[in-house]
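So the structure is just underneath, and the comments pick up after that.
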Amino acid sequence: MTAVNQFTPSTGREQIVEGDNPLGLDGIEFIEYATAKPQALGQVLETMGFKPVARHRSREVLLYRQGGINIIVNAHAKGAPLSDKPLISAIALRVRDAATAYRRALDLGAWGVPTQVEVMELNIPAIHGVGTSRIYFVDRHKQFSIYDVDFTPIPGVDQHPPASAGLHFFGVVQYIGNERTEDWTEFYRELLGFSQLPVEQRFGILPKGHILRSPCPPASRFYIQLIEPEAGVLDVEDDEGLHRIGLGSADVLATVAELSQRGVEFVASQSVQTSARGALSKTWLGGVSFEIVHDERG
């Protein structure tokens, strides 16, 4: 069962008029991968320009960063063994008040994720997302961040390495089941305040599915692209999940040139070609890829 099955909008009660951004969403704090091969994934991230900057105090978890992009590699098995194939296991959203955001989501029918907090660790509230993933709510991201408590900086490493060619979070691509677009659109709209873009409004070079826009301020806004299986493809609900990360760039071709020098290969086929609109990296480790999307905020 996926999170969208658990979500039931409130009905038969008085409607409370809220602003366009009821949770005070302010962008993506981090995206987390779970893998049994953290070193292999780390090599991929470093090829993409990320640097390892901190280690978790008590778990096999490493923080990678470039510019304002934080990616966590989690190799800490909790019960079931981790897969060799890295999976996007969580997305953390910056919010005005984490406790309030969590309670509101539960009131609207989301399922909370029980947390097991060790000594000297923060309790970061989370709800179930697509598949086995989690959606975290983070309100400590300005003068004092979650990493100040849970992580130890790697000695001698710049804690804020610059981004390659101004890269920044643009969004995530989520694979969904057949005829599930409406369900997932309602999930993100009701719980988090997302809105669906017109069909003709597209980004990048892969104009598939439906695109949802976060209610964040323009500087931190991001997108979720919902993609159903191709026509005639067998629908397997367990295959729903967060598939790849979208990174924004003000100059896609310059970014591709810089990353190519680092060893990143990009897809070139009849249907996918690098252009000023976007580019798609090859797939590493059976499931890790990055989409570069033209975005003037870079």
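Derivation of every value follows stated rules applied to the coordinates shown; laboratory data play no part. Since the structure is predicted, the reported quantities are computational estimates derived from the model, not experimental observations. Here the Cβ positions follow ideal geometry from the backbone for every residue, glycine too, while neighbour counts run over all protein chains shown.
What the table shows:
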quantity: Whole-Å semi-axes of the ellipsoid equivalent to segment 164-294 (Cα gyration tensor, √5λ, descending); calculated: 25, 19, 12
quantity: Gained length - residue 80 relative to residue 178, 0.36 nm times residue gap less alpha-carbon distance; calculated: 32.5 nm
quantity: Among 22, 218, 125, residue whose mean-square fluctuation peaks in a GNM of the chain (springs only between Cα atoms under 10 Å); calculated: 218
quantity: Packing-based ranking, highest mean first, of 26-36, 103-113, 182-192 given that Cβ atoms within 10 Å are counted; calculated: 26-36, 182-192, 103-113
quantity: Lysines with Cα under 20 Å of residue 37, excluding same-chain neighbours fewer than 8 positions away; calculated: 51, 78, 85, 282
quantity: The chain, relative contact order in percent, only Cα pairs under 8 angstrom and at least six apart counted; calculated: 21
quantity: Residue-averaged [θ]222 nm for the chain, counting only DSSP H segments that reach four residues, each worth -39500 (n - 2.57); calculated: -4500 deg cm²/dmol
quantity: Footprinting exposure proxy for 194, 137 (fewest neighbouring C-beta atoms within 10 Å first); calculated: 194, 137
quantity: Convex hull of Cα atoms in the chain, direction-averaged projection (nm²); calculated: 16.2
quantity: Most mobile of 171, 246, 68 in a GNM of the chain (Cα contacts under 10 Å); calculated: 68
